[in-house]
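The values are calculated or read from the model by the stated rules, or taken from the named source; none is laboratory data. The shown structure was predicted, so the numbers you read here are calculated from the model rather than taken from an experiment. In this analysis, Cβ positions are derived from the backbone assuming ideal geometry, glycine residues included, and neighbour counts consider all displayed protein chains.
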Amino acid sequence: MTDSVILPVTPTNITSTVTVAGAVTANAGTNLNTSALAIESGGNLAALLTKTSGALIPFSYDSITPTYNATSDVYVYKAGLTTVATLTISYTDATKAVITSIVRT
């Protein structure tokens, strides 16, 4: 089964708060205040690995292996040695400024 979600996202068309289910990577600038970073305690990250209804990856997994290509990123989710899902994010070009599709296989 393949789920496909097309998300055209550019800084100019975000007009309100955006909620993201899953992981977000932020590129920090030169003024990063590290005292504001959260430190894991109490098993909060482990709780994220549980099955969540309606999530893009609704399977339990214990590792994610990313592969970064010129116009796409591929994330392989595994439970032990078994692949439970692969997420491919495609972009319009190598700048990766605009997402053209997100496909789970």
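Within the stretch 65-92, being surrounded by 14 or more Cβ atoms within 10 Å (Cβ to Cβ) and either farther than 12 Å from Thr105 by Cβ or modelled with pLDDT under 90 (or both) holds for Ser72, Asp73, Lys78, Ala79, Ile89, Ser90, Tyr91.
Filtering the stretch 76-105 to residues that are more than 15 Å from the chain's Cα centre (by Cα) and assigned to a strand (DSSP E or B) leaves Ala79, Thr82, Thr83, Val84.
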